[in-house]
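The values are calculated or read from the model by the stated rules, or taken from the named source; none is laboratory data. Since this is a predicted model, take the numbers as computed values, not measurements. As a convention, Cβ positions derive from the backbone with ideal geometry for all residues, glycine included, and neighbour counts pool all protein chains shown. Heavy atoms of the whole protein, side chains included, go into the accessibility calculation; ligands, DNA and RNA do not. Shrake-Rupley method; radii C 1.70, N 1.55, O 1.52, S 1.80 Å.
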Amino acid sequence: MILRLQIPIPSITPNPLNTLKSHLSLPAATTTSTDSGLKFRQKLIYLQSLNVNPTKAINENPTLRSVPLSTIYSVTHCLFSMGLESSALGRILDMYPLLLTSDPYSDIYPIFDFLLHTVEIPFPEIRKSIIRCPRLLVSDPETQLKPTFEFLTQLGFTGPNKLTSQTTLLLVSSVEFTLIPKIEYLVELGFEYDEVRNMVLRSPGLLTFSIENNYKPKVEYFLNEMKGDLEELKKFPQYFSYSLERKIKPRNRMLMEHGFSMHLSDMLKVSDGEFRARLIEMQLQLVEDRQ
């Protein structure tokens, strides 16, 4: 892949000698020793300074034992250059230790290039995409990100609906095993394909929800317990983003206890306090109507 990304590497990586002096309290001559044991300890100290668990990182990426510290520095340089602050950097590297031994120019910069020039995420927003979905950094642009991007584009994620730093997490989804099954599930419920398409464009999070753990139990409860109509789900697909146990069931029970009903949006979008206030208003109105 020919990179168009030309990003200067800022000199913000900690100076290895200064880092080692502060942590080891050893004279400079010792820190430059060629002793392999000391070099390994230097790596462990640097990983700890990044808030990366060395034991976990080495267990998941044994190559860390043999790579020079300069390899890890080049990775942190690369990620810093894209605006990632150290707190986010440590969390991401601890989550995906394989990144620590990657080659920035063949493994990481092509991902940034894809986000910038293909997806057209503005440079200041790149860090938000990565922080929201670190898995992007371990996804191959050609075999993983590009096919998904093309599918989402065909689905309608273009123009005013194009992917943003909030929705680029969709790019790590498998078209065959994740996206298409969710669309097919909604169609099988009774929605038209165009209706499903409009629903996911309005609420992209629908494509991130589990069929087994989210869709099925919430649809079953909506149809069987709430006696709901699919037309209402078309109008308020955000229903699937609310917790079934913590919000949907408790509020529906309170309504049923008093013999009331509400549109899904009125029932779920408000805070707990406002919901109770509306319930009281409905009770007062009922009393007035009976007088």
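Quick notes on this structure:
- For the chain, carbon and sulfur atoms together expose 52% of the accessible surface, with a 1.4 angstrom probe and every protein chain in place.
- Rounded to two decimals, the Cα radius of gyration of segment 121-223 over 2.2 N^0.38 Å is 1.11.
- Largest to smallest accessible area among H258, H77 [probe 1.4 Å]: H258, H77
- Solvent-accessible area per residue, Å², over the chain with all protein chains present [probe radius 1.4 Å]: 54 Å²
- Since only P110, M95, L186 are under comparison, the one whose Cα sits farthest along the positive direction of the charge dipole of the chain, derived from C-beta charges on Lys, Arg, Asp and Glu, is M95.
- Measuring spread by the Cα atoms of segment 188-291 yields a radius of gyration and Dmax of 15.2, 50 Å.
- For segment 204-272, chymotrypsin sites (Phe, Trp or Tyr not before Pro) are listed when DSSP marks them as loop and at most 16 other Cβ atoms sit within 10 Å of their Cβ; the list is F209, Y242, F260.
- Dividing the convex hull volume of the alpha-carbon atoms in segment 26-180 by its residue count gives 117 Å³ per residue.
- Value of D in µm² per second that Stokes-Einstein yields for segment 37-103, Kirkwood Rh from Cα pairs, at 37 °C (0.692 mPa s): 281 µm²/s
- With the simple model of a label 7 Å out from the Cα in the direction of the Cβ, S70 to F40 spans 2.2 nm.
- Residue-wise HN-Hα couplings along segment 162-175, as the Karplus relation 6.51 cos²θ - 1.76 cosθ + 1.60 with θ = phi - 60° gives them from phi, are 5, 4, 10, 5, 7, 10, 5, 4, 5, 5, 8, 7, 7, 4 Hz; Gly and Pro carry x.
- Estimated [θ] at 222 nm from DSSP helical runs (n ≥ 4, -39500 (n - 2.57)) normalised by residues in the chain, nearest 500: -14000 deg cm²/dmol
- Net lengthening on full extension, M262/K162 (0.36 nm per residue, minus Cα-Cα): 32.7 nm
- Cα lying deepest toward the dipole's positive end in segment 243-291, options F260, A277, P250, charges on Cβ: P250
- Computed over the Cα atoms of segment 50-89, pair by distinct pair, the Kirkwood hydrodynamic radius stands at 11.1 angstrom.
- With at most 14 other Cβ atoms within 10 Å, longest stretch of the chain clear of loop trypsin sites (Lys or Arg not before Pro) (DSSP): 5-161
- Of N252, N224, N198, the one that fluctuates the most in a GNM where the chain has Cα springs shorter than 10 Å: N224
- Per residue Cα convex hull volume in Å³ - calculated over the chain: 178 Å³
- Per-pair calculated FRET efficiency, R0 = 30 Å: L201 and L286 via Cβ, rounded to 0.05: 0.15
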